[in-house]
Amino acid sequence: MEVKISIRPSKKGDTSITNTFRGITAEQNGEVVGVAGVMHGHELQAFSSIGFDASTHKRLIVSAIRQYRDILNSYDVPVYAKANEKIAGSEQFLRHVGFVDIGDRIYKWIPQQQV
């Protein structure tokens, strides 16, 4: 039996982040199983957390990445992310989304108009 996971815009309470943010949330049976977005602060910071096997939901991941890029492109300043050394594949994921490695596991999303 296939496990149904859906993607929707994030809302307060989907994550423990206390800053304002804009993001998308993956939901399964009413429970949050993933979230990705941009946290607002002195500098914009990208974040993501996936609590399910992405390899078994490839179409969903493609759709989620497309929506994530739309969010990233809505900002006219760079967005930064740090690859988590404890999570295998975090650097690969950031590169796949379109972030550029600027050193020390720090990645930068450059708005489309600045590329």
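Derivation of every value follows stated rules applied to the coordinates shown; laboratory data play no part. As the structure is a prediction and not an experimental result, all values here were calculated from the model. No Cβ is skipped: glycine too gets one built from the backbone with ideal geometry, and neighbour counts run over all protein chains shown.
Could you tell me which GluC sites (Glu not before Pro) in the stretch 11-52 are loop residues by DSSP with no more than 13 other beta carbons within 10 angstrom of their beta carbon?
Glu43
For the stretch 6-114, what Kirkwood radius comes out of the mean inverse Cα-Cα distance, in Å?
When all Cα pairs of the stretch 6-114 are included, the Kirkwood radius is 14.2 Å.
Starting from the stretch 11-115, pick out the trypsin sites (Lys or Arg not before Pro) whose DSSP state is loop and whose Cβ has at most 11 other Cβ atoms within 10 Å.
When the trypsin sites (Lys or Arg not before Pro) of the stretch 11-115 are filtered for loop state and at most 11 Cβ neighbours within 10 Å, Lys11, Lys12, Lys86 remain.
Work out from phi, with θ = phi - 60° and the Karplus expression 6.51 cos²θ - 1.76 cosθ + 1.60, the ³J(HN,Hα) of each residue of the stretch 36-45, listed in order in whole Hz, and give x for Gly and Pro.
8, x, 10, 8, 8, x, 3, 10, 6, 10
Can you give the relative contact order of the chain as a percent, counting alpha carbon pairs under 8 Å and 6+ residues apart?
18 percent
Separation of the stretch 1-44 and the stretch 58-101 by C-alpha centroid, Å?
14 Å
Quick one: if you stick a label point 7 Å off each Cα along the C-beta vector at Asp70 and Asn84, how many nm between them?
Result for the modelled spin labels: 2.5 nm.
Counting other C-beta atoms within 10 Å, and keeping those with at most 15, which DSSP coil chymotrypsin sites (Phe, Trp or Tyr not before Pro) do you find in the stretch 1-106?
Passing sites in the stretch 1-106 are Phe52, Tyr75.
Enter the angle in degrees (range 0 to 90, nearest 10) between the Cα long axis of helix 58-73 and the first principal axis of the Cα atoms of the chain, meaning the one along which they spread out most.
30 degrees
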